Amino acid sequence: MGKITDMNVTNLPTGKIAANLGDAHEHLVSGILMRLGFIVGFVDIRGSPYDLFIIAFENPNGKEIVLRAQVKTIDTSISFIGGSRGGIDREYKSGVKTYKYNTSHSDIILGIDRKTLDVYLIPTRFIQKWGTSRATSKIQLLKNNWDILLNWNNVFLSNLDKQIP
């Protein structure tokens, strides 16, 4: 009997399944957020530094805020690097296309765990003091923390940031 978290049962080549997982995870994150009651929209431009628009709130039942969200597939850590090409026809050019995400690219990074489908909600402003990746063990406070989208304000986010090792 299969599980919802099964992957690549058709044995697609590694590059092809990587591209498919990225697209699938954007849809899964969108669906999870819609089930929670958030309004979510897709960005139809490939190569954009964000994948989704999310209507979040300054505080519960407060002012609506549009957030630009980048979806990343994660395992034991999450990368904060963008611009590299995934998929079967990928071509890497060291230092040419890649960049570390910052607040000019997106407002939030949503890491979806490929094994559990848990979602890590990481405000992009948090990663400015971090390296190019972060172990999920260090950001457990952000796992499925929907309060982040319900309290998108400086006081809440600053207090949350102080609690992360």
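Each reported figure results from applying straightforward, stated rules to the coordinates on display, with no laboratory input. What you see is a predicted model, and the numbers here were worked out from it, not measured in a lab. Glycine also receives a Cβ, built like all others from the backbone with ideal geometry; neighbour counts cover every protein chain displayed.
Tabulated results
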{"read-out": "Label-point separation in nm, His27 to Asn153, each point 7 Å along Cα→Cβ", "value": "3.8 nm"}
{"read-out": "Most mobile of Lys16, Lys72, Lys129 in a GNM of the chain (Cα contacts under 10 Å)", "value": "Lys129"}
{"read-out": "11 Å beta-carbon shell around Ile164, net charge (K/R +1, D/E -1)", "value": "+3"}
{"read-out": "Convex hull per residue volume in Å³, alpha carbons only, for the chain", "value": "125 Å³"}
{"read-out": "Rg to Rh quotient for the range 1-78, alpha carbon positions, Kirkwood Rh", "value": "1.04"}
{"read-out": "Ranking of Arg134, Arg46 by count of other Cβ atoms within 10 Å, fewest first", "value": "Arg46, Arg134"}
{"read-out": "At 1.002 mPa s and 20 °C, Stokes diffusion of the range 109-165 via Kirkwood alpha-carbon radius, µm² per second", "value": "182 µm²/s"}
{"read-out": "Cβ-based net charge around Ile127, under 10 Å, with every Lys or Arg adding one and every Asp or Glu removing one", "value": "+4"}
{"read-out": "Average Cα contact separation per residue, the chain, under 8 Å, 6 or more apart, as relative contact order %", "value": "22 percent"}
